[in-house]
1. Of the residues Val72, Val60, which is touching a Phe, Trp or Tyr at 6+ places or on another chain (Cβ under 8 Å), over 22 Å from Lys4 (Cα atoms) and either open to solvent by 60 Å² or more (accessible area, probe 1.4 Å) or in a loop (DSSP other than H, G, I, E, B) (or both)?
2. Just to be sure, is Gln5 open to solvent by 60 Å² or more (accessible area, probe 1.4 Å), in contact with an Asp or Glu (Cβ under 8 Å, 6 or more places away or on another chain) and not basic (Lys, Arg)?
3. Looking at Arg95, Arg84, Arg48, which is the one that is surrounded by 14 or more Cβ atoms within 10 Å (Cβ to Cβ), under 22 Å from Thr22 (Cβ atoms) and either of a type in the set (D, E, K, R) or over 16 Å from the mean Cα position of the chain (by Cα) (or both)?
4. Yes or no: Leu108 out of contact with any helix residue (DSSP H, G or I) (no Cβ under 9 Å at 6 or more places or on another chain), assigned to a strand (DSSP E or B) and open to solvent by less than 80 Å² (accessible area, probe 1.4 Å)?
5. May I ask you to list pairs of residues, at least six apart or on different chains, whose Cβ atoms are under 7 Å apart, with the first in region 12-24 being under 15 Å from Ile34 (Cα atoms) and the second being part of a loop (DSSP other than H, G, I, E, B)?
6. In the set Ser32, Ser55, which member is touching an Asp or Glu at 6+ places or on another chain (Cβ under 8 Å) and either free of Cβ contacts under 8 Å to residues at least 60 places away in the same chain or at negative phi (or both)?
7. Quick one: which residue in Ser77, Ser100 is closer than 19 Å to Ser16 by Cα and in contact (Cβ under 8 Å) with a residue 12 or more places away in the chain?
8. Of all residues being in a helix (DSSP H, G or I) and open to solvent by less than 30 Å² (accessible area, probe 1.4 Å) in region 16-29, which is nearest to Leu105 (Cα to Cα)? Just the residue, please.
Amino acid sequence: MNIKQVSVQTKAELASELNKKTDEIIVRGDFSPIIAEIKKGQLNDTERYGFAVGSGGIGVLLEYCLNKLMDVFDPMSKDDKSVRRQIEQLYTIKRVDAESFLLRLKQLDY
């Protein structure tokens, strides 16, 4: 299995690679602080499954509704919201060094 890894430095490059669903993306430059913010709020699979099972599935539905409601009031542009949503849903985030992050498709870990 060949894993494709690319490095991006701008938001436009990142959006393009996210739309292609590239296996691994190394993010450097102007979008790194936003990736760091997304990483702080990202749960690992064990935590997500524990929450889903513990709430009987209702928590997942509530989370979806709250995310949609927050999107309505979020002043971020539509493109930025799309990039953020793709990162949160499709990729795991790992810090490579102080200025760069590795985004890896979650499906590669299964």
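The values are calculated or read from the model by the stated rules, or taken from the named source; none is laboratory data. What you see is a predicted model, and the numbers here were worked out from it, not measured in a lab. Cβ: placed from backbone, ideal geometry, glycine included. Neighbour counts: every protein chain shown. Keep in mind that these areas ignore ligands, DNA and RNA; they rest on the heavy atoms of the full protein, side chains included. Shrake-Rupley method; radii C 1.70, N 1.55, O 1.52, S 1.80 Å.
1. Val60
2. yes
3. Arg84
4. Values: out of contact with any helix residue (DSSP H, G or I) (no Cβ under 9 Å at 6 or more places or on another chain): yes; assigned to a strand (DSSP E or B): no; open to solvent by less than 80 Å² (accessible area, probe 1.4 Å): yes.
Spelling it out, it is not the case that Leu108 is out of contact with any helix residue (DSSP H, G or I) (no Cβ under 9 Å at 6 or more places or on another chain), assigned to a strand (DSSP E or B) and open to solvent by less than 80 Å² (accessible area, probe 1.4 Å).
5. Leu14/Phe31
6. After applying the criteria, what remains is Ser32.
7. Numbers: Ser77 fails: in contact (Cβ under 8 Å) with a residue 12 or more places away in the chain.
Only one candidate passes the filter, namely Ser100.
8. Top of the filtered list is Leu18.
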